[in-house]
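Below: one structure, written as structure tokens.
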Amino acid sequence: MNKNKILKIIDELSNNAMFAMSLTSKELFHSNIWAWMLRKYPKVFTPVFYPEYNKKDKIEVLREYKNTDLFLKIGDKSIIIENKLKSLPGKNQLGRYNKQFLKTVDKTILVSYFPPLFTSGYDSLLSYDYLFEKIKECFESTKLTVFENTDYTLIQCYLEFLNLLNQLLHSIDFDSNDKIGELWAIIRDKEIQEKLKAINFGKTFEKAFMIKLTRWILCDFPNYQLIDTVNIGCGRDLKVYSDMLFYFQGAWDKEERKRQDLCYLGVSLWENEYRYYAGLHKAQCGIFAPKNGRADTENKTTGFKYLSKNYGWFFNQENTCKWNGYSYEKEMYLYKKIDISNLTVKELAEKTIKDLSLIYFYLKPMRENLCQD
């Protein structure tokens, strides 16, 4: 990563009026711009999202229809456009929609700033890079007289803004021999952070790095599509993390008797830390004492011992006593952490894949029995 290149792009974004207007709503801002473009200039911009458009069918553009970001009626076709800018698309991205409603939809399109980790749940994927190139192509191939003067300028400004957003994402690059600590030193550089804070884009930038790192790691894990969830978020300590988790059967079943001792096992990248991570059901682990204060030290200690004894193949790999976690009334989430600042990207990827493989092969017989049942 090049610090000066990153600073230059941030400066250009901070001086971009369109970017400043977008900060209050981010995703909604883009969805609203697209809706305006599709309503006012349907023959020009509908092919951006729907290349099959014949430029004759009537188009209806709806915002927030049945919780959709954009809903298009093109002739007799129904199309959902899902927009993701600030966060990573989930494994079940369309799960919030009514199943009966989805049966009436002909095509689902995901437009994502970050490349998604999972490929299920949508029919077509459009990146913000593609969006920029396609809008630019449709815009520049259309006669100037089609656009009102102010609209022409507005669309030009939006394209400049999109281009800068994409440049910022592409400025986050690394190779296999880069050390994790050195990469985070650039991401967390004081000057970069101050400029990002001024434009309210700090955590989005850090998440972008974590998403790229997570993708880099998982691309060589043959069973990554079977991981139940990958969560990219920001912790209480304001550090960005990436949780890669496998769920146990009945993880959060309403009938507690159907739950196993753990709800999940996985690993977590937490800036310069690597965490062996587990979610425990207290009762199933024999922990019956009521929670004692916020720290709940005694119960957490019992949980640490339970994991070391019953899941030592996973938790006893490193000679470290740096345990910690969170305790609630019925569950606790515990982790054992090690410093990874001196690992290269390649070394971190090898370690993560090895640990995820251990969990996968431990859970595989249980999942196969569940499928047979």
How far, in nm, would the chain grow between Asn200 and Met366 when pulled straight, counting 0.36 nm per residue and subtracting the alpha carbon separation?
55.2 nm
Expressed in nanometres to one decimal, the distance between label points 7 Å along Cα→Cβ at Asn149 and Lys86 is 3.7
Report, in degrees rounded to the nearest 10, the 0 to 90 angle that the Cα long axis of helix 297-310 makes with the longest principal axis of the chain.
80
Paramagnetic reach from Lys330 (point 7 Å along Cα→Cβ, amide N under 16 Å) across region 278-300:
279-291
Roughly how big is the chain's charge dipole about its Cα centre, with Cβ charges of +1 (Lys, Arg) and -1 (Asp, Glu), in debye to the nearest 20?
760
Filter the cross-link list Lys254/Lys354; Lys55/Lys84; Lys190/Lys300 down to pairs whose alpha-carbon distance in this structure exceeds 29 Å.
Lys254/Lys354; Lys190/Lys300
Length gained, Gln193-Ile338, 0.36 nm per residue minus C-alpha separation, equals 49.7 nm
Taking Cα atoms only, helix 202-218 is inclined relative to the longest principal axis of the chain by an angle, in degrees rounded to 10, of 70
What are the equivalent ellipsoid semi-axes of region 197-304, built from the alpha-carbon gyration tensor (square roots of five times its eigenvalues), in whole angstrom, biggest first?
29, 20, 12
Just the accessible area per residue of the chain, please: how many Å² with a 1.4 Å probe?
49
Residues in region 102-136 reached by a label modelled at Lys66 [backbone nitrogen below 15 Å; 7 Å Cα→Cβ]:
102-109
So if the hydrodynamic radius of region 232-373 is defined as the Kirkwood radius over C-alpha pairs, what does Stokes-Einstein give as its diffusion coefficient at 20 °C and 1.002 mPa s, in µm² per second?
134
Calculated [θ] (222 nm, deg cm²/dmol) that DSSP helices of n ≥ 4 give over the chain, each run adding -39,500 (n - 2.57):
-13500 deg cm²/dmol
Contact order normalised by length for region 204-304, with contacts defined as Cα pairs under 8 Å and 6 or more residues apart; what percent is it?
17
Quick one: if you stick a label point 7 Å off each Cα along the C-beta vector at Trp252 and Lys346, how many nm between them?
4.0
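Which three numbers, in whole Å and largest first, are the semi-axes of the equivalent ellipsoid of region 157-220 derived from its Cα gyration tensor as √(5λ)?
Its equivalent ellipsoid spans semi-axes of 22, 16, 9 Å.
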Please give the net charge around Asn177, taking every other residue with its beta carbon less than 12 angstrom from that of Asn177, where Lys and Arg add +1 and Asp and Glu add -1.
-2
Cβ under 9 Å from Tyr50's Cβ, Tyr50 left aside: what net charge do those residues give with Lys, Arg +1 and Asp, Glu -1?
+1
How far apart, in nanometres, would the label points at Asn319 and Glu52 be if each is projected 7 angstrom from Cα along the Cα-to-Cβ direction?
6.3
How long, wide and thick is region 17-56, going by the Cα atoms along their three principal axes, in whole angstroms, largest first?
36, 15, 12
Between Glu298 and Asp228, what FRET efficiency comes out of the Förster formula 1/(1 + (r/R0)^6) with R0 = 41 Å and r the beta carbon distance, rounded to 0.05?
0.85
Distance from the Cα centre of region 256-279 to that of region 1-54, in angstrom?
37
How high is the relative contact order of the chain, in percent, counting Cα pairs under 8 Å that sit 6 or more residues apart?
13
Starting from the exponent 0.38 and prefactor 2.2 Å, build the expected Rg for region 290-373 from its residue count and divide its actual Cα Rg by it.
1.34
Longest principal axis of the chain (C-alpha) makes with the long axis of helix 27-40 (C-alpha) an angle, in degrees to the nearest 10, of 30
Can you give the FRET efficiency to the nearest 0.05 for Ala17 and Asp178, using r as the Cβ-Cβ distance and R₀ = 30 Å?
0.25
Three semi-axes of the equivalent ellipsoid, region 242-326, Cα gyration tensor, whole Å, largest first
21, 17, 13
Debye log10 I(q)/I(0) at q = 0.07, 0.10, 0.11, 0.12 Å⁻¹ for the chain, Cα point scatterers:
-0.39, -0.77, -0.90, -1.03
If DNA, RNA and ligands are ignored and the probe is 1.4 Å, what is the ranking of Cys234, Cys285, Cys219 by accessible area, most exposed first?
Cys219, Cys234, Cys285
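The values are calculated or read from the model by the stated rules, or taken from the named source; none is laboratory data. Please read these numbers as outputs of a predicted model, since none were measured by experiment. Every residue, glycine among them, receives a Cβ derived from its backbone with ideal geometry; neighbour counts consider all protein chains shown. Just the protein is used for accessible areas: all its heavy atoms, side chains included, with ligands, DNA and RNA removed. Shrake-Rupley method; radii C 1.70, N 1.55, O 1.52, S 1.80 Å.
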